[in-house]
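J.: Below you will find the structure I want to go over with you.
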Amino acid sequence: MRGGIRAGLLAGFAAAYIGGPSPSVRADSCPLESECTFRKPNVLIVMEYSAAMNVEWVQGQTRWEAAVESVQTLLTVNNGYFDDNVHVALMRFSHDPDPSRPGTPIPGDTSGLLDGTRLDVPWVDPEGAYLECNGGAVLQALNALAPPPGSGGTWTNGAMLRAQQVVEQARAEHPEDLQPESARAYGILLYTQGVW
């Protein structure tokens, strides 16, 4: 069964990137992990939120708009298949204006980035329970954002280090996910314009 799930997830990724059916709203209820034969993987969507993402990607669409559209497709294609079968979280990044000082905001940013990152949508609720079919919260967070600020750089390496901390924290808070026979898989889906 595990191989079938992996193949299904890959098919979901492929549909999101090579066309597939047009996005649709999920019609049925969310399958809980307790109803599944596998532990749902935790996937962290990491999106660059810098001035470089305001550059036109194709005529009439910026890099940021294209990235948001891609995430929307990923979470809604095939009646929300991806959202049904993973725990999804969202993190944005730009740059850290002062790496030597913790809690540094970016001048001109009103979206809540601190030290160059923000975990907008976590995998878990305040009590530490995994949020099932959390794609709606990701889409709501993205829809509420203005385009990235008109100034500021990119620090992808810093974002990946922060993403690693998010993964390590989730593992520490859920030791049951580390059991060798049923370890929970983790993935990071990175959207960046390319500067490391």
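The values are calculated or read from the model by the stated rules, or taken from the named source; none is laboratory data. This one's a predicted model, so the numbers in the text were calculated from it and none came from an experiment. Note that each Cβ is placed from the backbone with ideal geometry, even for glycine, and that neighbours are counted across all protein chains shown. Just so you know, the surface numbers come from the protein's heavy atoms only, side chains and all, with ligands and any DNA or RNA stripped out. Shrake-Rupley method; radii C 1.70, N 1.55, O 1.52, S 1.80 Å.
J.: Can you tell me which residues in the range 131-147 are closer than 27 Å to Asn78 by Cβ, in a loop (DSSP other than H, G, I, E, B) and out of contact with any Leu (no Cβ under 8 Å at 6 or more places or on another chain)?
T.: The answer is Leu131, Cys133, Asn134, Ala144, Leu145.
J.: Can you find even one residue in the range 123-135 that is under 13 Å from the mean Cα position of the chain (by Cα) and under 23 Å from Thr62 (Cβ atoms)?
T.: So far as the range 123-135 goes, yes, one or more of its residues are under 13 Å from the mean Cα position of the chain (by Cα) and under 23 Å from Thr62 (Cβ atoms).
J.: Is it true that some residue in the range 150-163 is at positive phi and either in a helix (DSSP H, G or I) or in contact with an Asp or Glu (Cβ under 8 Å, 6 or more places away or on another chain) (or both)?
T.: Yes, that holds for at least one residue.
J.: Of all residues in the range 146-157, which are surrounded by fewer than 18 Cβ atoms within 10 Å (Cβ to Cβ) and touching a Phe, Trp or Tyr at 6+ places or on another chain (Cβ under 8 Å)? Show your work before the answer.
T.: Step one: filter the range 146-157 for residues surrounded by fewer than 18 Cβ atoms within 10 Å (Cβ to Cβ), giving 146-147, 150-151, 153, 157.
Scanning the range 146-157 gives Pro147, Asn157.
J.: Working only within the range 57-86, note down all residues that are more than 23 Å from Thr37 (Cα to Cα) and of a type in the set (Gly, Ala, Ser).
T.: Hits for the range 57-86 are Gly60, Ala66, Ala67, Ser70.
J.: Next question, about the same structure. Taking the criterion of being at pLDDT below 95, within 17 Å of Val43 (Cα to Cα), open to solvent by 40 Å² or more (accessible area, probe 1.4 Å) and in a loop (DSSP other than H, G, I, E, B), would at least one residue in the range 164-183 satisfy it?
T.: Yes, the range 164-183 has at least one match.
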